[in-house]
1. Just to check your reading of the model, which residue among ASP639, ASP616 is open to solvent by 80 Å² or more (accessible area, probe 1.4 Å), over 30 Å from ILE426 (Cα atoms) and either touching a helix residue (DSSP H, G or I) at 6+ places or on another chain (Cβ under 8 Å) or not in a loop (DSSP other than H, G, I, E, B) (or both)?
2. Let me spell it out: the conditions are (1) in contact with a Lys or Arg (Cβ under 6 Å, 6 or more places away or on another chain); (2) open to solvent by 50 Å² or more (accessible area, probe 1.4 Å), and PRO488 meets all of them except one. Which number is the exception?
3. Look through segment 369-421, keep the residues that are open to solvent by less than 50 Å² (accessible area, probe 1.4 Å) and hydroxyl-bearing (Ser, Thr, Tyr), and return whichever of them is nearest to ALA621 (Cα to Cα).
4. From the list GLU289, GLU302, pick out the single residue that is exposed (fewer than 12 other Cβ atoms within 10 Å of the Cβ), modelled with pLDDT under 80 and of a type outside the set (Lys, Arg).
5. Of all the residues that make up segment 539-565, how many are part of a loop (DSSP other than H, G, I, E, B), modelled with pLDDT of 85 or more and exposed (fewer than 13 other Cβ atoms within 10 Å of the Cβ)?
6. Residues being crowded, with 18+ Cβ neighbours inside 10 Å and at pLDDT below 90: count how many of those fall in segment 494-507.
7. Can you name every residue in segment 511-529 that is loosely packed, with under 14 Cβ neighbours inside 10 Å and either in contact with a helix residue (DSSP H, G or I) (Cβ under 8 Å, 6 or more places away or on another chain) or among the aromatic types (Phe, Trp, Tyr) (or both)?
8. Using the structure shown, decide if GLU444 is crowded, with 17+ Cβ neighbours inside 10 Å and either closer than 16 Å to GLN578 by Cα or over 60 Å from the mean Cα position of the chain (by Cα) (or both).
Amino acid sequence: MQNPEATKLRTPQTEILLKELDAVIESWRKLDFTQSLRNTRLELVMRNIDRARRQFDSKLFFVVIFGPLKAGKSTLTNALASEYVSPTGFGKETTRRPSLIISAEEPGIDQYFSTDPEINHFLSQRRLRKNDATGVATDDETQKLAKVRESFDAVADYLRGIRSKDEFQGRIRVDTLHLNAVRLEETLTQDLTTEPLLTVIRCKGDHLLRHGVAIVDMPGLDGSRSNWRTDPIHEWVMNRAEFFLFVQSSVAALNKEAHDFLKEIVAQSTKPPIWLIQNIFDARHWQPEEKRKKAEADQLEEGRQRVIKLLNEEPRTVLGLNVGLAWDAKNENQDEWLSQSKFPKFESDLADVLHAERALIQEHNCLKYLRQRFGEAEKQLKISIGQIKQLREAHKKVRDKLREAQALLDAVSYHSDWETAVRGEICAIAEAAAKPWLDSLENEVARLRERHDRKRTGKEVNGELDNTAIRLGAEGDIKHFAKPLQLPSYVKVANQYCKSAESDAITRVNEFLGELELSQLPAPVAPSAEDLPRIESESFTHDKLPERGWKNWFGGKDYDGSTLAKHIESAAKAWRQQIEKRKGNWINQVIINHFSTYCEKRRKHFQAHLQRLMADFNATAKPEEETATATENLISQMDESLRNLALPLAKARESMK
């Protein structure tokens, strides 16, 4: 919604700028900010530029009345409004929170509260806590302050007539009270359970208010509740108000707080108009009129000189008023008192200046505010690019570290000295397993000797030896070298060696994972029965006795006990050799084949964990990286728009000089 009066008085350069700016904002509204990284705040950048554009159409002109405690600010506010809209009194701090006085058909008090508990808590403190070590606000406090500013701006924009009330529904609550002295003091002077963002006083008002002027009535800069250096409302006043009336008096010292606030205002690039209002206290009624006038002139000059000394420049206007007399005159309809107070001339001069310069002042301020928002936008876009870069670097770091961890595991050499390191221990395991097998063999041999110590046929002896050979051959696999029986000893040896071979690599991999805040490697997979070989279980072999003689081919051949004993010992010897051979084969299979298989299974177990971590990370990182690319495209478009607007903005600002 445009302000027709402002539009008529704008410079051509500003009109060109606003036309191009409107096109940019319209194109930005079509961008899909939901596809951008959340912490880049690109949508906030758009809202801030849009807010700066809307300021050009503001229907209100903000005049700020400020000064030290008890200087007469509230009394001057009442006189300008021609109504009691600001509490006054002796010996107490009457205005403890800022208020905005506007003209309206229906008088009342509107308190604008945030519905966000964090903002309410912040406002209840009325200050931004600083980091003790650095003097800089923490990230959390900065975020809260940004939320307060956003809420306050939403209210201010609504009051300026550049946004509708619907736009902050749900975020802002408005409590409306009747306008009377009691309610006024309650809302502006007393402690409240919840601090409002802003208190607005609606009244019919006098000439100034009815012509779109809004008065910002500030607490005393040195008052108990004034934290203007960090309070977002005071910050808004310094950056967005268009005209300042600085009130001081002979009884209200121009202290450091007032001095610093003045310097902050002057430091703004717009150098907004500042009028010095010297509130004259005429207490020497017994003195001749000539001396009284001289005392007033001295007060005025003294105030002017103090301001010049502080600011190194002349205030735009210096006026001496008896503010108390003016307010009393209005209350009691005393035209003579009003004339004596010099208030009518001040009011007339102020109205003339605002009528003549209001549009230019607003345009100047709006251009300055727009340039500030451009600067903030450019800074935020650079920060956003940095955030994208950091995200990609962080993702690359994770992937590089996981790949390096994989390489460390790949490089673990389980075989370099395995045979030398563990052959003795594996042989000991095999020896321990073979001993009862050999003992069993000796027992069988003793039984055979006992049974065949007399004459027997070859067929009988061969048959019994064959059965014994089958039984003894299978016994190694079934009993002595059975996998479950040998597994505990093998686990101990394998784990001990593998842990030694892996130690440095596992330690470094876990350090990487800890650095990345990822889960550590799992416990190694333990050897299982499948990691051990089976020993041969075929029947033992041995020489056999001839079962038939050449003289009696059809009859069995008999052997005496001595011959049988020698033959049994020969078979036993062959069997012992076969146990030793099978034991040796088992040892070689463990060392050469099965240990290698277990080592790779162990390595793959660790690698599978890293692969899962990589897969999980990629599943999370890929959407972020796609969003980062989309954000980069948005930033590119917005940055190009800002660069295209830089020249029209520079020309518009130059035209104001």
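1. Step by step, each of ASP639, ASP616 is checked, and only ASP616 is open to solvent by 80 Å² or more (accessible area, probe 1.4 Å), over 30 Å from ILE426 (Cα atoms) and either touching a helix residue (DSSP H, G or I) at 6+ places or on another chain (Cβ under 8 Å) or not in a loop (DSSP other than H, G, I, E, B) (or both).
2. (1)
3. Restricting to residues being open to solvent by less than 50 Å² (accessible area, probe 1.4 Å) and hydroxyl-bearing (Ser, Thr, Tyr), the top hit is SER384.
4. Selected residue: GLU289, the only one of GLU289, GLU302 that is exposed (fewer than 12 other Cβ atoms within 10 Å of the Cβ), modelled with pLDDT under 80 and of a type outside the set (Lys, Arg).
5. Of the residues in segment 539-565, 3 are part of a loop (DSSP other than H, G, I, E, B), modelled with pLDDT of 85 or more and exposed (fewer than 13 other Cβ atoms within 10 Å of the Cβ).
6. Within segment 494-507, residues that are crowded, with 18+ Cβ neighbours inside 10 Å and at pLDDT below 90 number 5.
7. GLU515, SER519, GLN520, PRO522, ALA526, SER528, ALA529
8. yes
The values are calculated or read from the model by the stated rules, or taken from the named source; none is laboratory data. If you're wondering where the values come from, they're calculated on a predicted model, not measured in any experiment. Here Cβ is always computed from backbone atoms with ideal geometry, including for glycine, and neighbour counts include all displayed protein chains. Ligands, DNA and RNA are stripped out before the accessible areas are found, and what is left, the full protein with its side chains, is counted by its heavy atoms. Shrake-Rupley method; radii C 1.70, N 1.55, O 1.52, S 1.80 Å.
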